[in-house]
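Okay, structure first, notes after.
The values are calculated or read from the model by the stated rules, or taken from the named source; none is laboratory data. On a predicted model such as this, the values are computed, not experimentally measured, just so you know. Cβ placement follows ideal geometry from the backbone for every residue including glycine, while neighbour counts extend to all protein chains displayed.
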């Protein structure tokens with residue numbers, strides 16, 4: 001997964017092995033892997049280049065639409081943007 005490796009060859013990974021630890025995230029990762037063959041999720045700051053980090057749901061939705069994302073998960077809720 002080249003996209004998660006820093007230029008110095010390191011990475012900060014987090015793993016989730018048991019559904020009981022975080023049912024929502026476990027189910028999301030399982031769905032992505034089983035349905036779309038996406039084996040991981042990258043957690044990063046959510047903002048467009050040159051803009052501040054979002055702080056509200058409204059800001060997040062506005063940025064997601066500007067980035068032409070298909071959907072976003074906020075507070076455990078999936079919101080389609082198309």
Notebook entry, point to check: Which residues, counting only those in the range 18-38, are surrounded by fewer than 10 Cβ atoms within 10 Å (Cβ to Cβ) and assigned to a loop (DSSP other than H, G, I, E, B)?
Noted result: 18, 37
Next item on the list: Please verify whether the range 2-17 includes one or more residues that are assigned to a helix (DSSP H, G or I), modelled with pLDDT under 85 and farther than 29 Å from residue 59 by Cβ.
Entry: yes
Checklist line | Failed item, numbered, when residue 42 is tested on (1) more than 24 Å from residue 81 (Cβ to Cβ); (2) loosely packed, with under 10 Cβ neighbours inside 10 Å | finding: (1)
Note to self: So, in the range 45-61, how many residues would count as being surrounded by 14 or more Cβ atoms within 10 Å (Cβ to Cβ) and assigned to a helix (DSSP H, G or I)?
What the structure shows: 3
Notebook entry, point to check: On the given criteria, is residue 66 farther than 18 Å from residue 1 by Cβ, surrounded by 10 or more Cβ atoms within 10 Å (Cβ to Cβ) and either in contact (Cβ under 8 Å) with a residue 12 or more places away in the chain or touching a strand residue (DSSP E or B) at 6+ places or on another chain (Cβ under 8 Å) (or both)?
Noted result: yes
Notebook entry, point to check: Any chance the range 49-56 includes a residue that's within 12 Å of the chain's Cα centre (by Cα) and modelled with pLDDT under 90?
Noted result: no
